[in-house]
Amino acid sequence: MRILVTVKFTPDLQSQRSFTDGSVTRTADDGSMNELDENAVEAALQLVEAAGEGEVYALTVGGPDAVAAVRKALQLGAHHAIHVTDEEVAGADVFGTAKVLAAAIRKVHDETPLDLVITGMAALDGLTSMLPTALAADLGWAQLTLASELTVADGTATIVRHMPDAHETVSAALPALVSVTDEANKPRYPNFKLIMAARKAPVAQWSLADIGVDGASVGAIAARTTVVEAAPRPPREDRRVVTDTGEGGKVLADFLIERGLA
Amino acid sequence: MTTVAVLVEQRDGAVARPTLETLTLARSLGTPVAVWIGAEPGAEALAHLGAHGATEVRHLDAGDAGRLPKVRAAALGAAASDADVVLVTSTFLNKEVATLLALETGAGVVVDAAGAEIVDGRVETTQTVFAATWNVRTRINAERAIVGLRPNTTQAAALDEPAAATPKTVIFEAPETPETLVSVEPVPQAEGVPLAEAPVVVSGGRGTNGDYALVRELADVLGGAVGASRDATDEGWISHEHMVGQTGTTVTPALYVACGISGAVHHRGGMQASGTIVAVNIDPDAPIFEIADLGVVGDLNDVLPQAIAALKEARGA
Ligand SMILES: Cc1cc2nc3c(=O)[nH]c(=O)nc-3n(C[C@H](O)[C@H](O)[C@H](O)COP(=O)(O)OP(=O)(O)OC[C@H]3O[C@@H](n4cnc5c(N)ncnc54)[C@H](O)[C@@H]3O)c2cc1C
């Protein structure tokens, strides 16, 4: 079983995030791997462990800091790490990013075929959930997205998708792309041995030229959308916190009535 | 004139409320045409769509396979081939559909938008990001635009002089897909308004200790839907469909009441853009108070019954 997991470097959720020139500001000291990608790494590791053989590749695209994301995947147990980094990737939209990831995946797949690509359900910094679909389309592979359950048997991957009105079971022949939700599993914690090993593990560094992608076709110029304004939301005004001393419920009710909400 | 295609969300054959909001927004961008995927729309649905501005209702059916993103995207593409702008409700499925349609047509996409307008011949959208702590305006550079609109971000309004929408059937043959829909198991729907569309959401977290009676009662009194934190759904106290947050349902009701919820960043990301936020929590240092318009520090088992009684009394008076 050979599985590639795409991981994204995202700013720490608890830290202040911001925009600079239309892009999310990312710094190495307050970011790591997108939390939801931990579910993707976990799904891959579990499949390889169950198969008793196989390898997990972690792939990221991004600036120099982004290497932290694949290092995290190595700490969790991924066997190989690839970091695509190139100045021309800056400002890429979801379609540009998918194109770069797909080219890197093809390079791996052409050497030794992969069975699956697994992604997280969304990046918690952008949360658009569009990338898995765009990536599957670029690869020309089946898309099994938003999997709350994933099983692989006899060359077929089967997922359960929890939609608001129904639970769907969807299957496709391998190779396929699967995105997993945070319901799919409970990510493991890195163990000390792997943390130490991950520090020294090699990370392949690829440029756009290495994967045969023309920078002009993926970076800011090619982006179909541009952030033209970004500003922190003003804090709520007139906030009030009262302590219940026997009248808390009435205060709540009066507040709702006053605001015309009840 | 700009043609704006609106993908209709349905519930039991009727038009779901977010679509009326989307149609209302579509009118400000151009001429709305509705796209209805599924069994043929009834007279009531056609009237409803027409009243909110749809000039045409284009209907196509793909059966159960229409649940697959690729089939749905192909259907929408077939029905909206002349549209400059395509508007959908921002659901997980529609985000996938929007992505596939964009790949097909070269359109630019923004999902989770709170609004859209045309500026110098291009669509610009507004949305909140980073757990609703930032406002962002995005310009779609491409000629064609696809926008996913969040429920409750536009006030639905019928036309002053409602016109009838012309029904049209679009010939459509579903494409072969590498994905096979093996089975579809319907999930029982909670009564009342769905969470994502509710004007009021009352949520309970770990602080409820598994007893949702008070939360439900307050939701009933306020005409709202019941939400929950992930800890509560993980405990199995309430089904996953009720989970509010970044990986659950994102809600933007006029009123959000958080009961026994600490306000973790993952939870806040799914509710922080709500109109008014009220929190009841026993811990004065709970982060939820940082974003609440009114915070009541107290035991929800004391505060909620009193609030429910007071609201009922006010209503009776
Ligand atoms: C990748 C990832 C994604 C996640 N996505 C989501 C998501 O989408 N949505 C989500 O909600 N969570 C999500 N979480 C979980 C999130 O981090 C929190 O763990 C969760 O929101 C906490 O739920 P809670 O507030 O109910 O519980 P707690 O944090 O335990 O808070 C319970 C609160 O109840 C109060 N309380 C206790 N008793 C009473 C009482 N009698 N009266 C009043 N107050 C009382 C306590 O003071 C406390 O503040 C996610 C986590 C991860 C890692």
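The values are calculated or read from the model by the stated rules, or taken from the named source; none is laboratory data. Model, not experiment: these values are computed from the prediction. Cβ placement follows ideal geometry from the backbone for every residue including glycine, while neighbour counts extend to all protein chains displayed.
Things worth noting here:
- Residue list for region B:236-255, restricted to those being without any contact (Cβ under 8 Å) to a residue 60 or more places away in the chain and within 9 Å of the ligand (Cβ to nearest atom): B:Met243, B:Val244, B:Gly245, B:Thr247, B:Gly248, B:Thr249
- Residue, surrounded by the fewest Cβ atoms within 10 Å (Cβ to Cβ), within region B:276-286, restricted to residues that are more than 8 Å from the ligand (Cβ to nearest atom) and more than 8 Å from chain A (Cβ to nearest Cβ): B:Asp285
- The listed residue being in a loop (DSSP other than H, G, I, E, B), surrounded by fewer than 22 Cβ atoms within 10 Å (Cβ to Cβ) and away from the ligand (no atom under 16 Å from the Cβ), out of A:Pro164, A:Pro113: A:Pro113
- Residue check, B:Val296 at pLDDT 95 or above and under 26 Å from the mean Cα position of the chain (by Cα): no
- If you check B:Ala174, B:Ala156 for being more than 11 Å from every other protein chain (Cβ to nearest Cβ), within 17 Å of the chain's Cα centre (by Cα) and away from the ligand (no atom under 16 Å from the Cβ), only one passes: B:Ala156.
- Selection count, region A:235-250, where residues are in contact with a strand residue (DSSP E or B) (Cβ under 9 Å, 6 or more places away or on another chain) and outside any helix (DSSP H, G or I): 7
- Checklist (1) free of Cβ contacts under 8 Å to residues at least 60 places away in the same chain; (2) in the same structural domain as B:Arg27 (by TED's automatic domain parsing) applied to B:Ala165, failing item: (1)
- Sub-8 Å Cβ pairs linking a first residue in region B:204-224 that is away from chain A (no Cβ under 14 Å) and over 13 Å from A:Leu261 (Cβ atoms) to a second residue that is charged (D, E, K, R) and within 12 Å of the ligand (Cβ to nearest atom), at least 6 apart or interchain, are B:Gly205/B:Asp231; B:Arg206/B:Asp231; B:Arg206/B:Glu235; B:Gly210/B:Glu235, ordered by first then second residue.
Rundown of residues vs (1) crowded, with 16+ Cβ neighbours inside 10 Å; (2) more than 10 Å from chain B (Cβ to nearest Cβ); (3) under 20 Å from A:Ala136 (Cα atoms), yes/no style:
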site: A:Gly155; (1), (2), (3): no, yes, yes
site: A:Val178; (1), (2), (3): yes, yes, yes
site: A:Val251; (1), (2), (3): yes, no, no
site: A:Arg259; (1), (2), (3): no, no, no
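- Residue match in region A:186-206 (condition: of a type in the set (Ser, Thr, Tyr) and crowded, with 16+ Cβ neighbours inside 10 Å): no
- Residue that is under 23 Å from B:Thr276 (Cβ atoms), touching a Leu at 6+ places or on another chain (Cβ under 6 Å) and of a type outside the set (Ser, Thr, Tyr), where the choices are B:Val202, B:Val170: B:Val202
- Checking each residue in region A:210-234 for being in a strand (DSSP E or B) and of a type in the set (Ser, Thr, Tyr) picks out A:Thr225, A:Thr226.
- Residue in region A:121-132 that is within 14 Å of chain B (Cβ to nearest Cβ), touching a strand residue (DSSP E or B) at 6+ places or on another chain (Cβ under 7 Å), crowded, with 24+ Cβ neighbours inside 10 Å and hydroxyl-bearing (Ser, Thr, Tyr) present: no
- Hits in region B:232-262 (condition: aliphatic (A, V, I, L, M), touching a His at 6+ places or on another chain (Cβ under 7 Å) and over 19 Å from B:Gln189 (Cα atoms)): B:Ile261
- Candidates B:Leu103, B:Leu49 - the one that is more than 14 Å from chain A (Cβ to nearest Cβ) and either over 17 Å from B:Thr154 (Cβ atoms) or in contact with a strand residue (DSSP E or B) (Cβ under 8 Å, 6 or more places away or on another chain) (or both): B:Leu49
- Yes/no for B:Asp211 being at pLDDT 95 or above and exposed (fewer than 15 other Cβ atoms within 10 Å of the Cβ): yes
- Being of a type in the set (S, T, N, Q) and assigned by TED's automatic domain parsing to the domain that holds B:Asp302 is a condition met by no residue of region B:176-199.
- Within region B:197-214, none of the residues are within 12 Å of the ligand (Cβ to nearest atom), more than 20 Å from B:Ala314 (Cβ to Cβ) and of a type in the set (A, V, I, L, M, F, W, C).
Quick grid of which residues meet (1) in contact with a helix residue (DSSP H, G or I) (Cβ under 6 Å, 6 or more places away or on another chain); (2) closer than 21 Å to A:Leu146 by Cα:
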| residue | (1), (2) |
| --- | --- |
| B:Leu68 | no, yes |
| B:Ala78 | no, no |
| B:Ala83 | no, no |
| B:Ala116 | no, no |
| B:Glu124 | no, no |
| B:Ala131 | yes, yes |
| B:Ile140 | no, no |
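- Being within 13 Å of the ligand (Cβ to nearest atom) and at the interface with chain A (Cβ under 9 Å from one of its Cβ atoms) holds for only one residue in B:Ala258, B:Ala292, and it is B:Ala292.
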